[in-house]
C-alpha cells in the first residue's frame with residue numbers, strides 16, 4: 001500500500017490517525033461552525049453541512065471572529081472535536097484554537113497538504129515527530 | 001520560549017494556582033505560535049461572562065460556579081481554581097443578553113439572574129463592565145505603540161489600523177490569561193515588521209457612507225483573507241463609524257486584522273511608509289463591478305421582500321449613528337409586523353436618554369438596546385424570518401447563526417424597511 005509522507009512543525013503534540021476532511025476555504029469559528037455537532041454552517045462555505053467531528057481536518061487556516069478558539073473549545077467539551085488539524089497559515093486564532101482543542105496539530109509543511117491529501121484519505125498524524133503519513137483512499 | 005524571571009516565577013506557582021494556569025496556557029499558546037517570548041500588556045479586552053447558550057448551561061450545572069467557568073473557558077483548565085483580581089487593566093466586551101430588554105429578547109428571569117451573577121463576579125475581579133464590542137467608543141482608546149491583548153475581530157482591526165495600538169486577535173483563553181498575568185505572546189502584530197501592507201487596493205468608485213465602507217470591507221476581506229490591505233484613492237476622509245464598518249466587514253469575509261488608508265491611518269503617511277518600501281504582492285481594483293459583487297454576496301440569503309426585523313448597531317452604534325437614525329425616524333411609526341432593535345454601549349445609551357433619542361425611537365415603536373447583539377446573543381424578535389441590516393458583518397453572520405434571511409443596505413434603506421415593512425433597497 002502506497003503511503004505519502006509529509007514533514008512539518010508541531011503546533012500541539014500527540015499522535016492520532018483518522019479520515020481526512022479537506023477544504024481550500026478558510027474556516028470561521030464563531031458563526032462558522034456549530035460547536036455542538038462540529039458542523040460547518042457558514043452560508044457560502046464549500047463544506048457547509050459537513051461535520052469535522054473525529055476527522056483529520058486539512059485546511060488553509062482560520063478567518064473571522066476572535067471567538068474561534070472558544071468555539072473549538074466548546075466543540076471539545078461537547079464531544080464534537082476533530083481528531084487532528086493540519087493547516088498552512090499560522091494565526092493567533094488557529095494557534096489558540098489548536099491548543100484548547102487538545103488534539104495533535106501541525107503546520108509549516110515541506111509540501112502542501114492541500115495538494116496531497118483528499119477527503120476520505122486515511123491520515124496518521126505524529127505531531128511529536130513532525131510526520132504525517134497519508135494512505136490514499138482506494139489505494 | 002524564553003521566560004523572564006517574573007514569568008518563570010508565575011509558571012512555578014509564585015502567583016497562586018490561577019496565575020500558574022494562566023502562564024501555562026500562555027506558554028503552550030506561545031510555543032504553538034512559534035513565539036520567542038512574551039510581552040507586557042496593560043490593556044486587555046475580553047468576554048468572560050456566561051451568557052452565551054453553551055456556557056450558561058455549564059455555569060448553571062457546575063458546582064464550581066463562575067470560578068469553574070473562568071477556569072475552563074478562560075484558562076483552559078478543567079481543574080477549578082479560585083480566580084484572583086485581575087492584574088492588567090481589563091475591559092469586558094459584549095454579553096449574551098440585554099438584561100433591561102429581557103422580555104423583548106425572550107430571555108427568562110433565570111437567565112437574567114445568571115447574567116447578574118456573572119456580571120457581579122466579573123466586576124469584583126476588577127474588569128471594567130463596558131459590555132460592548134466597541135471599547136474604543138467608550139473610553140478605552142489605545143495609544144500608538146501600546147501593546148494590547150484584545151478579542152473581538154472588529155475591535156482588533158480598529159485598534160491596530162486606526163489607533164496604531166498593537167494587538168493580535170486574541171481568544172477567550174489567551175485574553176483571560178493576559179488579565180491575570182499582564183503578559184501575551186510577542187508575535188504577529190506586536191512586531192513592527194509584521195504591520196506593513198501587503199496588498200494595494202485602488203478605489204475607482206466613491207466610498208462615502210457606512211454601507212459603502214461595509215461593502216468595500218467585505219470585498220477586500222474576501223480578496224486578501226488574513227493579509228494587510230492598503231487603500232489608495234479614498235476621496236473623502238472617513239470617520240469613526242465608517243472605519244468601524246469597514247473593519248468589521250473585512251474581518252468577517254476574511255481574517256484581516258490590520259489595514260492602512262494612505263494619508264489617513266497613523267502608520268500610512270505615504271505609500272512608501274505603508275509598504276515599508278516593499279512592492280505590493282498584488283494590486284486589486286475596487287470599481288463598480290466589485291461593489292456590485294459584494295452587494296450580491298451580502299444579499300445572497302434574501303428572497304422575501306417582507307421584512308419583519310430591522311437590526312441596527314453592529315458593531316454597536318455611536319451616538320452619531322443614533323442621531324442619524326432619529327432624524328430619519330422622528331414622527332414616523334414603524335410597521336405593525338416589523339420590529340426595530342438598535343444596539344449601543346450602555347454608556348452611549350445614557351447620552352441617548354438625555355438627548356431624547358431613546359424616546360424618539362420608542363415613540364416610533366423601536367427599542368434601543370445595550371450589551372449584546374442578535375448574532376452574539378442569538379436574540380431576535382419571536383418568529384422573525386427576514387431581517388434588514390446596515391452591517392456587512394451582521395449580514396454575513398446572522399443567516400448562518402439564526403437561520404433568517406438578511407437584506408443588507410444603507411441605514412436609510414433599513415429605517416425605510418422598518419417603517420414600510422418591506423425591503424426597497426437596491427445596489428448602486
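Students often get this wrong: which residues of region A:52-79 have the backbone nitrogen under 20 Å from the point 7 angstrom along Cα-to-C-beta of residue A:37? Correct set: A:52-57, A:71-79. Helical content of chain B, expressed as a calculated mean residue ellipticity at 222 nm, amounts to -11500 deg cm²/dmol (DSSP H runs of 4 or more residues, -39,500 (n - 2.57) each, divided by residue number, nearest 500).
Can you classify region B:69-178 as rounded, prolate or oblate using the Cα gyration tensor, where a ≥ b ≥ c are the square roots of its eigenvalues, rounded means a/c under 1.5, and otherwise it's prolate if a/b beats b/c and oblate if not? Judged from the Cα gyration tensor, region B:69-178 comes out oblate (a/c at least 1.5, b/c at or above a/b).
Distance from the C-alpha centroid of region B:359-428 to that of region B:1-53: 39 Å, rounded to the whole angstrom. Treating each Cα of region B:196-297 as one equal point scatterer and applying the Debye formula with no solvent, the log10 of I(q)/I(0) at q = 0.18, 0.22 Å⁻¹ comes out as -0.75, -1.17. Its Cα gyration tensor gives region B:101-143 an equivalent ellipsoid; the semi-axes, largest first and in whole Å, are 25, 15, 5. According to the square roots a ≥ b ≥ c of the eigenvalues of the Cα gyration tensor, what is the shape class of region B:221-278, taking rounded for a/c under 1.5, prolate for a/b larger than b/c otherwise, and oblate for the remainder? Because a/c hits 1.5 or more and a/b fails to exceed b/c, region B:221-278 counts as oblate. Whole Å is fine, so just give me how far the alpha carbon centre of region A:85-139 lies from that of region B:326-346. So the separation of the two Cα centres works out to 49 Å.
Angle of helix A:68-77 to the longest C-alpha principal axis of chain A, folded into 0 to 90 degrees and rounded to 10: 80°. Here region B:120-182 is described by how far its Cα atoms reach on the three principal axes: 33, 22, 18 Å, from widest to narrowest. Per-residue extension of 0.36 nm, minus the Cα-Cα distance of residue A:110 and residue A:133, leaves a gain of 7.0 nm for this segment.
If you count the DSSP beta bridges with both ends in the protein assembly as shown, what percent of them are antiparallel, to the nearest 5?
Rounded to the nearest five, the antiparallel share is 35 percent.
Footprinting exposure proxy ranking of B:367, B:316, fewest other C-beta atoms within 10 angstrom first, gives B:367, B:316. Ordered by the count of other Cβ atoms within 10 Å of each Cβ, fewest first, B:326, B:414 give B:326, B:414. By the Stokes-Einstein formula, at 1.567 mPa s and 4 °C, region B:5-190 with its Kirkwood radius over alpha-carbon pairs has D equal to 78 µm²/s.
Taking 7 Å steps out from each Cα toward its Cβ at residue B:237 and residue B:354 produces label points 2.7 nm apart. Under 10 Å, Cα contacts only: if you run a Gaussian network model on chain B, which one of B:210, B:372, B:265 comes out with the highest mean-square fluctuation? Judging by the Gaussian network model, the answer is B:265.
If a spin label sat at a point 7 angstrom from the Cα of residue A:3 along the line to its beta carbon, the backbone N atoms of region A:94-134 nearer than 12 Å would be those of A:122-126, A:131-134.
Shielding value for A:55-67 is 6, the average number of Cβ atoms from other chains within 10 Å of each residue's Cβ.
Averaged over the residues of A:29-41, the number of partner chain Cβ atoms lying within 10 Å of the residue Cβ comes to 3. In region B:181-241, the alpha-carbon atoms span a convex hull of 133 Å³ per residue.
Sorted ascending by nearby beta carbons within 10 Å, beginning with the fewest, A:39, B:167 become A:39, B:167. Over all pairs of different C-alpha atoms, chain A has a mean inverse distance whose reciprocal, the Kirkwood radius, equals 14.5 Å. Protection proxy ranking for B:393-400, A:72-79, B:172-179, B:9-16, using the average of other Cβ atoms within 10 Å per residue and placing the highest first: B:172-179, B:393-400, A:72-79, B:9-16. Using the Cβ-Cβ distance between residue B:110 and residue A:78 with R0 set to 22 Å, the FRET efficiency works out to roughly 0.55.
If you wrap the tightest convex hull around every Cα atom of chain B and split its volume per residue, you get 130 Å³.
Rounded, prolate or oblate, given the Cα gyration tensor of region B:325-428, with a/c below 1.5 counting as rounded?
Values: a/c = 1.69, a/b = 1.24, b/c = 1.37.
In terms of gyration-tensor shape, oblate.
Most simply put, chain B has about 10% antiparallel DSSP beta bridges, counting only bridges with both residues inside it.
Over the protein assembly as shown, what lengths in whole Å, largest first, do the semi-axes of the equivalent ellipsoid take, defined as the square roots of 5 times the eigenvalues of the alpha-carbon gyration tensor?
35, 28, 24
A straight chain from residue B:362 to residue B:191 at 0.36 nm per residue would run longer than the Cα-Cα distance by 56.8 nm. Tell me, what is the percent relative contact order of region B:1-88, built from C-alpha pairs under 8 Å that lie six or more residues apart? This gives 26 percent for region B:1-88. Okay, which of region A:56-84 sit inside 14 Å, backbone N to the point 7 Å along the Cα-Cβ direction of residue A:19? In region A:56-84, the label zone of residue A:19 (backbone N under 14 Å from the point 7 Å along Cα→Cβ) covers A:56-57, A:83.
Bear in mind these aren't lab numbers, they're just calculated from the coordinates by the rules spelled out. Computed from a prediction, not measured in an experiment: that's the story for all the values here. Methodologically, a virtual Cβ is constructed for each residue, glycine included, from the backbone with ideal geometry; neighbour enumeration extends over all protein chains shown.
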